[in-house]
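These notes are about the structure you will find just below.
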Amino acid sequence: MYQFIATGSYGIPEAARFAGVNSRTAARWIAGDGAEHRGRLFRTDLRSVGNRHALSFLDLVDLLVVGRFREEGVSFQMVRRVYSRLQESLNTEHPFSHQRLLTDGKTIFAETLDRDGDRHLQEILTGQKAMPEILKPYLKQIEYAADTQTAARWNIATGVVIDPAQAFGKPIISSEGRTTFVLSQAYWANDKNAGLVADLFDVSTESVRRAVEFEGQYSIGRAA
């Protein structure tokens, strides 16, 4: 259990709903198909147990970026090549979780392009929907660690943060530290009485409502 402290732990369906990725697609990117793991994009930080797989917080942020690549029509093969090249150039196992994607994204992708000479990536970089600009709305939600320059916290929604150093990385109300899941479950278990739940958990009524809204928006069904 100690390996999850400040690391976070997310099952594939849970990670997929936060990243806005189809859960079956996410499973293929993470676990691959068959004994040879065909179609796997990256190895996760947390060791698999049989057919059960878990992602760390940095794996989760990588998954978020991969999802945005695929939404814009970047081929899986190109995503794999960019991921591998950036691992080398940024010297990290989590290139899509690195701060330079936000602060210097165009240069980084251009450097990757120079090595691969891929026309499709060239079009993405120079077209109206340049990839660094596509990623910015999502990357701006991320707070990065000063020492490693890798993702440290994800402000996933208004007043809600995913912080691997708190509550094992489960979404919490940023101002009060209570998990959105617990507050939301208590709300429905108490006849939608937000005031009562607020008193029970010593949080504001607004925090309860934010938790309910978040859990409704990021339900499992959203990424199924």
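The values are calculated or read from the model by the stated rules, or taken from the named source; none is laboratory data. These numbers were taken from a predicted model, which means no experiment stands behind them. Glycine also receives a Cβ, built like all others from the backbone with ideal geometry; neighbour counts cover every protein chain displayed.
Quick notes on this structure:
- Scanning the range 63-93 for residues that are β-branched (Val, Ile, Thr), closer than 18 Å to Ala19 by Cβ and at pLDDT 90 or above returns Val65, Val66.
- Test set (1) free of Cβ contacts under 8 Å to residues at least 40 places away in the same chain; (2) touching a strand residue (DSSP E or B) at 6+ places or on another chain (Cβ under 6 Å); (3) farther than 25 Å from Thr7 by Cβ - Phe201 fails condition number: (2)
- Qualifying residue in the range 144-155 (condition: touching a His at 6+ places or on another chain (Cβ under 7 Å), modelled with pLDDT of 90 or more and closer than 30 Å to Pro13 by Cβ): yes
- Here the range 23-43 is the region considered, the condition is being modelled with pLDDT of 85 or more, touching a helix residue (DSSP H, G or I) at 6+ places or on another chain (Cβ under 9 Å) and surrounded by 15 or more Cβ atoms within 10 Å (Cβ to Cβ), and the residue that is farthest from Ala165 (Cα to Cα) is Thr25.
- Looking across the range 54-92, the residues that are acidic (Asp, Glu) and touching a residue at least 24 places away in the same chain (Cβ under 8 Å) come down to Asp59, Asp62, Glu72.
- Residue tally, condition of a type in the set (Phe, Trp, Tyr), over 28 Å from Leu46 (Cα atoms) and surrounded by fewer than 18 Cβ atoms within 10 Å (Cβ to Cβ), over the range 169-200: 1
- Phe96 being at pLDDT below 90, part of a helix (DSSP H, G or I) and either surrounded by 19 or more Cβ atoms within 10 Å (Cβ to Cβ) or among the aliphatic types (A, V, I, L, M) (or both): no
- Of all residues in the range 129-160, those that are more than 13 Å from Val61 (Cα to Cα), buried (at least 20 other Cβ atoms within 10 Å of the Cβ) and without any contact (Cβ under 8 Å) to a residue 24 or more places away in the chain total 0.
- Matching option when the condition is charged (D, E, K, R), surrounded by fewer than 17 Cβ atoms within 10 Å (Cβ to Cβ), assigned to a loop (DSSP other than H, G, I, E, B) and more than 15 Å from the chain's Cα centre (by Cα), among Arg80, Arg47: Arg47
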